[in-house]
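The values are calculated or read from the model by the stated rules, or taken from the named source; none is laboratory data. All figures in this text were calculated on a predicted structure; none of them were measured in a lab. Cβ atoms come from the backbone with ideal geometry, glycine included; neighbour counts cover every protein chain shown.
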Amino acid sequence: MKQAESKIALLIDADNAPVAKVDAILAEIAKYGVANIRRAYGNWKSPKLKGWEDCLHDYAIRPVQQFDYTKGKNATDAALIIDAMDLLYTQKLDAFALVSSDCDFTPLVMRILTSGLKVYGFGEKKTPSPFVSACSIFLYLETIDQAVDTETSKASASVRKTAQELKQDTKLMNLLRGAVANTQDEDGWSRLSVIGTHIANQASFESRNYGYAKLSSIFEAIDLFEMRRKDKAIYVKTRKKK
């Protein structure tokens, strides 16, 4: 019996999201389920949203008008949050996909998570870390449409972290070391797929944000771990200090 596809509500803060990435965003969401609800929020009378306006029909995205009632106040955020809460209570959804580089949605993400739903976040690298960390998975838009083979892609060269940069990222290293330590067998080896699941349950992590196509590529780039392949599976072990 075919498993039902996950239902995802895609909510876009058009004021804080580049229209050029919408195709890549939808392709990414398709990996997790179907975006059967698609809405973009903003003041559609503003010339700044002309690009978004032109693509709404092509991607079946419903525009939600929100006037700027007070200068300097982002009414779009409030409208999106209200709609999200309505959808959370009235629709049978499995996840939300939020597109914005604005930190104001962090409390919304945390509230959605408490209801047992996933939250996939998309935003530019300027996105504040609280919003990035709150999401189940957050993907930077600068890396979302890289070629599949990012190990040889010229496009990824400018964003890929070097081995030294990876090792200097304390948060990343603690995450990797902790995942290996908590999933290892009696010989110290951890199956990569199990490591990935452990990381996903613990924090928002996406290898492409570091310029690598897969989690295995990050481990390979860092010389602090041993790796081996057995029966088509990859295993990781913390390298002993000499």
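Counting just the residues of the stretch 4-21 that are β-branched (Val, Ile, Thr) and touching a residue at least 40 places away in the same chain (Cβ under 8 Å), which one comes out farthest from residue 59 (Cα to Cα)? Among residues in the stretch 4-21 that are β-branched (Val, Ile, Thr) and touching a residue at least 40 places away in the same chain (Cβ under 8 Å), the one farthest from residue 59 (Cα to Cα) is 8. Scanning the stretch 172-206 for residues that are part of a loop (DSSP other than H, G, I, E, B) and either more than 18 Å from the chain's Cα centre (by Cα) or not aliphatic (A, V, I, L, M) (or both) yields 184, 185, 186, 187, 188, 189, 204, 205, 206. Within the stretch 29-49, residues that are aromatic (Phe, Trp, Tyr) sit with their Cβ atoms under 7 Å from residues that are part of a helix (DSSP H, G or I), at 6+ positions apart or across chains, in these pairs: 41/14; 41/76; 41/79; 41/80; 44/53.
Within the stretch 99-108, one or more residues are among the aromatic types (Phe, Trp, Tyr), under 19 Å from residue 206 (Cβ atoms), modelled with pLDDT under 95 and assigned by TED's automatic domain parsing to the domain that holds residue 130.
Given the residues 101, 115, which is the only one that is surrounded by fewer than 11 Cβ atoms within 10 Å (Cβ to Cβ), among the polar types (S, T, N, Q) and touching a helix residue (DSSP H, G or I) at 6+ places or on another chain (Cβ under 8 Å)? Only one candidate passes the filter, namely 115.
Only one of the numbered conditions (1) under 21 Å from residue 34 (Cα atoms); (2) in contact with a Leu (Cβ under 7 Å, 6 or more places away or on another chain) is violated by residue 86, and that is (2). On the stretch given as the stretch 19-45, residues that are within 18 Å of the chain's Cα centre (by Cα), surrounded by fewer than 16 Cβ atoms within 10 Å (Cβ to Cβ) and over 17 Å from residue 118 (Cβ atoms) total 3.
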